[in-house]
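Please read the structure below before turning to the comments.
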């Protein structure tokens, strides 16, 4: 049963990453040169980076009705719940 939870979590995290990459790809033409250069380098993908924040902000301003951000959040929350679900499953199945 652990394999099912692991596979589900990996698929959900992978889907969230792909959607996030699509969000950054859509916002890329609207970024300034500094953010573009940071995204081109490997250092731009650190969490909390200015380039990621700028890409998210530009996506919100240029695509206000896009559902990608909501789908990204849903996949990320579902992946986190899937990771936490296995210990809960073990705890409740022993009863």
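Just so it is clear, none of the values below were taken in a lab; they were calculated from the coordinates. Given the structure is predicted, the values throughout are model-derived calculations rather than measurements. Glycine also receives a Cβ, built like all others from the backbone with ideal geometry; neighbour counts cover every protein chain displayed.
What to note about this one:
- Summed over qualifying helices (DSSP H, 4 residues or more, each -39500 (n - 2.57)) and divided by its residue number, the chain shows a 222 nm mean residue ellipticity of -26000 deg cm²/dmol.
- Compared with the direct C-alpha span, the chain from residue 66 to residue 93 gains 5.7 nm at full extension, assuming 0.36 nm per residue.
- Estimated FRET transfer efficiency (residue 83, residue 25; beta-carbon r; R0 30 Å; 0.05): 0.65
- Helix 2-27 axis, angle to the chain major axis (alpha carbon atoms, nearest 10°): 10 degrees
- Nearest-ten-degree value, helix 68-93 long axis tilted from longest Cα axis of the chain: 20 degrees
- The label-point distance for residue 2 and residue 33, in a model that sets each label 7 Å from Cα toward Cβ, rounds to 5.3 nm.
- 0 to 90° range, to nearest 10: angle between helix 50-62 axis and the chain longest Cα axis: 80 degrees
- Rounded, prolate or oblate (a/c below 1.5 giving rounded, otherwise prolate when a/b exceeds b/c) for the chain by Cα gyration tensor: prolate
- Between 31, 81, 39, the residue with the greatest mean-square fluctuation in the GNM of the chain (Cα pairs under 10 Å linked by springs) is 81.
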